[in-house]
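Only the coordinates and a few stated rules stand behind these numbers; no lab work does. Computed from a predicted structure; not experimentally measured. Positions of Cβ are backbone-derived with ideal geometry, glycine not excepted, and every protein chain shown enters the neighbour counts.
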């Protein structure tokens, strides 16, 4: 019959504590990979983009006056659905995982609150 080693509770807890204490040290040797701050750019030929008449350049989009805002003043950067306050390309709630051009436009444009 084969004997299996018996590990005491105290020894198991000390081992777990040692592993947890080593985590910060291990992070110094294996730093976290830095991910890009901006998701990939939305292509104008993306099916959802096409359905919503998205254009990288709002001047090329078929805009109309909406919510008391003149068509010429509607851009992704002043839409309520945009998810960043700066940058040429910004994430948008309508296109998850993609970034839209700040000077672009789509039919979902909604006046920014405030």
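Residue separation times 0.36 nm, minus the C-alpha to C-alpha distance between residue 110 and residue 9: what's the value?
Full extension of this stretch gives 30.3 nm more.
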Quiz item: Once the Cβ-Cβ distance between residue 70 and residue 48 is put in as r, and R0 is 25 Å, what FRET efficiency do you end up with, to the nearest 0.05?
Solution: 0.45
Exercise. For segment 47-101, just say rounded, prolate or oblate: build the C-alpha gyration tensor, square-root its eigenvalues into a ≥ b ≥ c, call rounded for a/c under 1.5, and beyond that prolate if a/b exceeds b/c, oblate if not.
Key: oblate
Quiz prompt | Near-label residues of segment 88-114 by backbone N, under 15 Å of a point 7 Å along Cα→Cβ of residue 78 | solution = 102-106, 109-114
Exercise. Quick one: order 89, 109 by neighbouring beta-carbon count within 10 Å, fewest to most.
Key: 89, 109
Quiz prompt | Inter-site label distance for residue 59 and residue 86 at 7 Å from Cα along Cβ, in nm | solution = 2.6 nm
